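Enquirer: Quick one: this structure, given as structure tokens, is what I'll be asking you about.
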Ligand code: SF4
């Protein structure tokens, strides 16, 4: 799936040898560096170098102090300590991609962006991804740069949330200024987010959302006659 | 095969309307499928007479259709014709919605029509003569002059013309065995396909029982004198004579016709109307009022032209006709041409789906599908929350297998949480899962997920039946509990307890009606 290309991924600087490395530090450093943006887990280092635990721990500390390597969180498993040569930005597999900060989904940022996007869609009535991105950029409310790709991902989630809907321009009426067939977004029907779903037939009665429905039988221990959910619902 | 709770609901309806004995026979048919009288007697350990009476009740109320087939005789005996009984599950559930049928007629016609329909719904099948009598007793009018009777007859004709009332089906069509030798040899694939689309014997029997379209809604008996009454040259002499005789005595003919032809409510026509309404309601909520108004006008204008319940597309109409129809309705009067055009495009009537130049038709099937999706999604939302809702919608829209990480990335749900949600949804049969093990440098396992619509829809329908059953049982329980105060004379029915039971009844009833809309959505539309 398409993600934003990682920001400013540096190319390794060749042979920036630091003279003051011990043998074990050198071995470890070369290994870590050879793993490029994937980095390597401490346990794997030990296996691959055959160095003793305490030697590895000490060398890693010293390499970190010399600003040659850095520790990163692995989004797949936060307990696995990964090390990377400082020249590299961690790969998408490690970080989880543009929406992750230190191995955690940046929910706060996502929430803000979602609100921002729905506000803009609401204001613009009908808009394309580019139009929305442009409008957000111009408004200058967020200080980080957002790519069109990121906005597109946010819009897709808003569609899945049923906050906005995806339509294709028909060049008629509200679409007059948008070329035929272009994907556009507009606010979904009345009631805003999930407005439609609140009126579902099943969810407006206790049984529709009941966790015990599979155990509930007419003459069983759990039955509609004795059901407390009903009693509460019918408490006038 | 009908779902578990579908059967239970149907049996409870029959039991509350016709008693336990009839319900027992009905349940046997629902569970075991088509049976003969002998089978029914054996399975239920009842007397043949009892079973016969139960079947008569069920047939009278259009819940069972009989048909006959030829069975090979025992060794050395000639083949014999056996009568089979098949239960009509859909028609049993229709009993829940009689009030909706009445509401349709009361809105479109007058009080007389409503009374006529009520008589038919109450009694299942009646001759015109009987209908008139029942309607009289329902309306409790003392005035029973010829004028009143004529007015009722007129109402009856209106109902038949609107197709809300039809002649009863053939009581027992004979189903010839399929000639296997005749069928050309087909490839295995084609045969499989044919099997999939082929109707069951029961479906064929029900279809065969329906009178021909021309006869189904013909008021007079079949002599050709009905509309225009022109003689066709091919009529034989005998027929001609018969025809003449009848012509001579029109009075007698009317009499025969009133006394012998059985009529019933045409459930199909009502369900078709309710389907239209459901489409309009959905479009109003999902798109806007304008689109709803236009769709309503289009369906209103073509309601007589549809003959199936589950039509894919609305009958094509020209822009002029649509405009004219829209203007007829109150909310449509203010709509401009531009607005109507916009609404049509919202409804998906683009030039590409136009049937012919300047002719518009709406994809009703897809509206029904959205309504079904919404119902299921709302259940997911309420039971599992927003993240699950998003994940489910992603899978339901994608309609193919998607890998866990991919789902997590697209929906912005943490990986671990995603796995948990997917697993829960899978456990409750909302999702289908496939495991794939790849043997690359590291052996790893991937989980792929998908919404299997058919099975999810079936489960939803079954759960709805369960919920409907629960609602009606709770209702029975509440009424039974307050039995005493409900027995009181009207003026004494006051106080808190009475207030409560009144509210309880209203809430339970309206919820059941709403749930019944859901049942139709998944079963009939
Ligand atoms: S009757 Fe009560 S226990 Fe049974 S399914 Fe409904 S809400 Fe759940």
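Enquirer: Considering only region B:7-126, give the helices (runs of 4 or more DSSP H) lying wholly within it that have at least 3 residues that are closer than 30 Å to residue B:513 by Cα.
Expert: By residue number, B:20-32, B:48-60, B:89-94, B:98-108, B:111-123.
Enquirer: Quick check on region B:395-417. Is at least one of its residues part of a helix (DSSP H, G or I), touching a residue at least 60 places away in the same chain (Cβ under 8 Å) and surrounded by fewer than 22 Cβ atoms within 10 Å (Cβ to Cβ)?
Expert: no
Enquirer: I've got another one for you. Restricting to region A:76-102, name every residue that is touching a strand residue (DSSP E or B) at 6+ places or on another chain (Cβ under 8 Å) and within 10 Å of chain B (Cβ to nearest Cβ).
Expert: A:96, A:99
Enquirer: Can you say whether residue A:145 is part of a loop (DSSP other than H, G, I, E, B) and either closer than 14 Å to residue A:112 by Cα or over 15 Å from the mean Cα position of the chain (by Cα) (or both), as far as the supplied structure shows?
Expert: So residue A:145 passes the test.
Enquirer: Same structure, new question: Does region A:117-127 hold any residues that are surrounded by fewer than 18 Cβ atoms within 10 Å (Cβ to Cβ) and away from chain B (no Cβ under 14 Å), and which are they?
Expert: A:119, A:122, A:123, A:124
Enquirer: Next question. Please verify whether residue B:408 is more than 11 Å from chain A (Cβ to nearest Cβ) and under 22 Å from residue A:92 (Cβ atoms), treating the condition exactly as stated.
Expert: On the way: more than 11 Å from chain A (Cβ to nearest Cβ): no; under 22 Å from residue A:92 (Cβ atoms): yes.
Taking the combined requirement at face value, the residue does not satisfy it.
Enquirer: Please work out which one of (1) surrounded by fewer than 21 Cβ atoms within 10 Å (Cβ to Cβ); (2) outside any helix (DSSP H, G or I); (3) in contact with a strand residue (DSSP E or B) (Cβ under 7 Å, 6 or more places away or on another chain) is the condition residue B:449 fails and give its number.
Expert: (1)
Enquirer: Being more than 22 Å from residue B:276 (Cα to Cα), touching a residue at least 12 places away in the same chain (Cβ under 8 Å) and away from every other protein chain (no Cβ under 14 Å) is the requirement here; does residue B:358 meet it?
Expert: When the stated conditions are applied, residue B:358 passes them.
Enquirer: Checking residue B:333 against (1) farther than 28 Å from residue B:211 by Cβ; (2) surrounded by 17 or more Cβ atoms within 10 Å (Cβ to Cβ), only one condition comes out false. Which one?
Expert: Status for residue B:333: all satisfied but (2).
Enquirer: In addition: Taking residue A:141 as the residue in question, decide whether it is free of Cβ contacts under 8 Å to residues at least 40 places away in the same chain and more than 29 Å from residue A:74 (Cα to Cα).
Expert: Criteria met by residue A:141.
Enquirer: Working only within region B:353-372, note down all residues that are surrounded by fewer than 19 Cβ atoms within 10 Å (Cβ to Cβ) and part of a helix (DSSP H, G or I).
Expert: Selection gives B:353, B:365, B:366, B:369, B:370.
Enquirer: Here are some residues: A:180, A:155, A:113. Which one is within 13 Å of another protein chain (Cβ to nearest Cβ) and part of a loop (DSSP other than H, G, I, E, B)?
Expert: Being within 13 Å of another protein chain (Cβ to nearest Cβ) and part of a loop (DSSP other than H, G, I, E, B) holds for just one of A:180, A:155, A:113, which is A:180.
Enquirer: Kindly provide the set of residues from region B:470-500 that are touching a helix residue (DSSP H, G or I) at 6+ places or on another chain (Cβ under 7 Å) and either at the interface with chain A (Cβ under 9 Å from one of its Cβ atoms) or within 28 Å of residue A:214 (Cβ to Cβ) (or both), ordered by number.
Expert: Within region B:470-500, B:470, B:471, B:472, B:474, B:475, B:478, B:479 meet the criteria.
Enquirer: Also, I was wondering about something else. Within region A:139-152, is even one residue modelled with pLDDT of 90 or more, under 18 Å from residue B:390 (Cα atoms) and within 13 Å of chain B (Cβ to nearest Cβ)?
Expert: There is at least one residue in region A:139-152 that is modelled with pLDDT of 90 or more, under 18 Å from residue B:390 (Cα atoms) and within 13 Å of chain B (Cβ to nearest Cβ).
Enquirer: Take the conditions touching a residue at least 24 places away in the same chain (Cβ under 8 Å), more than 16 Å from the ligand (Cβ to nearest atom) and closer than 30 Å to residue B:406 by Cβ and apply them to residue A:136. Does it pass?
Expert: So residue A:136 does not fit the description; no.
Enquirer: With the condition kept exactly as written, say whether any residue in region A:65-85 is touching a residue at least 40 places away in the same chain (Cβ under 8 Å), over 19 Å from residue B:410 (Cα atoms), surrounded by fewer than 18 Cβ atoms within 10 Å (Cβ to Cβ) and outside the structural domain of residue A:187 (by TED's automatic domain parsing).
Expert: yes
Enquirer: I'd like the residue in region A:200-229 that is assigned to a helix (DSSP H, G or I), more than 8 Å from the ligand (Cβ to nearest atom) and out of contact with any helix residue (DSSP H, G or I) (no Cβ under 6 Å at 6 or more places or on another chain) and, out of all such residues, is nearest to the other protein chains (Cβ to nearest Cβ).
Expert: A:204
The values are calculated or read from the model by the stated rules, or taken from the named source; none is laboratory data. Because the structure is a prediction, the values reported are computed rather than measured. Don't worry about glycine lacking a Cβ; one is built from the backbone with ideal geometry, like all the others, and counts go over all protein chains shown.
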